[in-house]
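Throughout, read-outs are computed from the coordinates displayed, never taken from laboratory work. Note that the structure is predicted; figures quoted are calculated from it, not measured.
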Amino acid sequence: MTKPSELAALIGTEVGVSKWFEIDQARINAFADATEDWQFIHVDPEAAAATPFGGTIAHGFLTLSLASAMSYDAVPPLDGVVMGVNYGFDKLRFLAPVPAGSKVRGRFKLLSAEDKGGGRWLIKHELTVEIDGGSKPALIAEWLGMQMVE
């Protein structure tokens with residue numbers, strides 16, 4: 001647990017690294033069904049093999065959707081937190097495709113922590129999603145979350 005009073009000292013530091021999450025074809029297909037995005041590069045291994053990707057790749061939004069699970073796994077919660085809500089993104093870039101069968105994990109660096117009053121803290125993390133064995137990250141984002149603290 002991190003006390004809100006300790007946040008200022010953590011700005012600019014890495015505050016957590018998540019476990020690896022497997023991105024298998026079943027997960028990609030389930031995401032395609034949930035989002036109705038059945039583009040062949042995601043769900044048709046034969047057709048995707050003929051592309052520069054050499055096989056199916058995860059949806060960028062699938063990779064991004066794992067941010068919450070990565071955060072729960074990696075970032076110590078604030079002491080007294082009642083709930084947290086997504087507040088949005090200041091920046092988001094998809095830098096490299098995530099091939100089916102890959103593993104990804106999130107690295108979190110605290111960029112800012114702003115006391116908004118009333119027990120609300122606006123927290124900004126730099127999220128870098130790494131691909132196991134990859135030379136470039138899958139994505140980099142500046143992610144905002146509002147934490148409500150008692």
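Some observations on this one:
- Structural size metrics of the stretch 5-75, computed from C-alpha coordinates, are Rg and Dmax of 16.5, 54 Å.
- Averaging over all projection directions, the Cα-based convex hull of the stretch 1-42 occupies 5.4 nm² in the image plane.
- Those lysines that a straight Cα-Cα span of less than 23 Å connects to Lys3, excepting residues fewer than 8 apart in one chain: Lys109, Lys116, Lys124
- Descending semi-axes in Å of the chain, equivalent ellipsoid built from Cα gyration tensor: 33, 15, 12
- Qualifying aspartates and glutamates (Cα of each under 13 Å from Cα of Lys103; at least 8 residues distant if same chain): Glu22, Asp24, Glu130, Asp132
- Taking every Cα-Cα distance in the stretch 59-113 and sorting them into 5 Å bins from zero, the calculated P(r) comes out as 4, 12, 25, 28, 16, 9, 5, 2 percent.
- Measure of compaction for the stretch 95-140 (Cα Rg per 2.2 N^0.38 Å): 1.57
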